[in-house]
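Report on the structure given below.
The values are calculated or read from the model by the stated rules, or taken from the named source; none is laboratory data. Quantities reported herein were computed from a predicted structural model and do not represent experimental measurements. No Cβ is skipped: glycine too gets one built from the backbone with ideal geometry, and neighbour counts run over all protein chains shown.
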Amino acid sequence: MIVLLVTCLAALLCPSVHVQGSSVEWCYHVPACNFTNWTQIAPQFCNGSRQSPINIVTTSVQGNPNLTSFNFTGFNDNSTFTLIANSEDSVVVTLNSSKMTVQGGDLPGLYNPIQLKLHWGNGSSSNGSEHTVDGKQYPMELQILNVHSKYNGNLTAALNASDSTALAVFSFFIEGAKNLTNTWDNLTSVLSSIPNSGNSTSTMNQITMDSLLEVVDRTKYYRYQGSLSIPSCNEAVIWTVFKDTIKVSQDVINRFSTILNFKPVGSSSPVLMTNNFRGVQLLNGRVVTSQPSAAPSSAATSTISIITVLLLSSLF
């Protein structure tokens, strides 16, 4: 009877995802269907060897001089945020992919941003990011999903192509600090219009991607090959995890875990959406790369040598 009750509860709380013609149940909040069991729920990809997210160990990161700056198009266009929705497991913003592109940074071609998604914990003082750096987990993580231009913004086609470079996801850590821009206040003010699963609104005036990423240095980042961080966990993602964090007020972070709900089927009581992140996965021999550390210039080396000689001579 206990097993039956747990199974029923899991079915009520778990969103479903379409995988190879079948519907699988998964969730964040119930042991029967949370990420610890995704390898059984969606085994085709979720138990693969290149899963995401990961813990980035900075001492093991290798330099790659090809990781140059990106060329962003349409990131300053305030008409690209077309819809924001409570997707039951997150907040998802649909982007106008025909107006946005990104290339460079050693990506294999041109990509179109199609959506952004957020992951968080249970308030500004709790852990909520998916990726971690040297074991440090941030309160939130923003992810921008980009599809290779050869798929014309069609995510399904990209996932069905068995192409390890079909998708490129840009990841940004979010932490509490002095709020340097009103854009995040504007974005989170929309959350009250989508408090429950399935709610959506197109009220996204004057918000641009650039304004959400204001003051973030987008030239410094980590790179690795991975997967979607939700079922079906397809290993088709080039991940770019930016080193600079997005800094917002603690109140902005708190709004996500205090306003948004998902409503279990057959229940009249909504449940607050918290801790919607997958735990870190094994690296399994993958290499994380980044921009090479700058070596001292010859002039700087000469100056250091002269100073060293002078200091030594003063001792005798």
Of (1) in contact with a Ser or Thr (Cβ under 7 Å, 6 or more places away or on another chain); (2) modelled with pLDDT of 95 or more, LYS136 satisfies every one except (1)
Residues (under 16 Å from LYS117 (Cα atoms) and in contact with a Leu (Cβ under 7 Å, 6 or more places away or on another chain)) located in the range 142-170:
LEU142, GLN143, ILE144, LEU145, ASN146, VAL147, LEU167, ALA168, VAL169
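Going by the structure shown, is SER249 among the polar types (S, T, N, Q), in contact (Cβ under 8 Å) with a residue 24 or more places away in the chain and surrounded by fewer than 18 Cβ atoms within 10 Å (Cβ to Cβ)?
Yes; evaluated as a whole, the condition is true for this residue.
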Keeping to the range 166-213, report how many residues are within 18 Å of the chain's Cα centre (by Cα), of a type outside the set (A, V, I, L, M) and under 22 Å from MET273 (Cα atoms).
7
Whether any residue in the range 140-157 is out of contact with any helix residue (DSSP H, G or I) (no Cβ under 6 Å at 6 or more places or on another chain), part of a loop (DSSP other than H, G, I, E, B) and surrounded by 22 or more Cβ atoms within 10 Å (Cβ to Cβ) is what I want to check.
no
Could you tell me whether PHE70 is under 27 Å from ILE194 (Cα atoms), at pLDDT 95 or above and of a type in the set (Phe, Trp, Tyr)?
no
Output the number of the condition that SER211 fails; it satisfies all remaining conditions of (1) surrounded by 15 or more Cβ atoms within 10 Å (Cβ to Cβ); (2) among the hydroxyl-bearing types (Ser, Thr, Tyr); (3) farther than 14 Å from VAL93 by Cβ.
(3)
Can you tell me which condition GLU214 does not meet? The list is (1) part of a helix (DSSP H, G or I); (2) in contact with a Leu (Cβ under 8 Å, 6 or more places away or on another chain), and all the others hold.
(1)
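Would you say CYS33 is surrounded by 13 or more Cβ atoms within 10 Å (Cβ to Cβ), over 26 Å from ASP210 (Cβ atoms) and without any contact (Cβ under 8 Å) to a residue 24 or more places away in the chain?
yes
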Positions within the range 47-65 being under 17 Å from the mean Cα position of the chain (by Cα) and either among the small types (Gly, Ala, Ser) or under 10 Å from ASN234 (Cα atoms) (or both), in sequence order
ARG50, GLN51, SER52
Selection count where residues are surrounded by 13 or more Cβ atoms within 10 Å (Cβ to Cβ) and closer than 21 Å to LYS247 by Cα, scope the range 190-208:
5
Identify, by number, the condition in (1) in a loop (DSSP other than H, G, I, E, B); (2) in contact (Cβ under 8 Å) with a residue 12 or more places away in the chain that ILE174 doesn't meet.
(1)
Out of (1) over 22 Å from ALA236 (Cβ atoms); (2) of a type outside the set (S, T, N, Q); (3) assigned to a strand (DSSP E or B), the one GLY128 does not meet is (3)
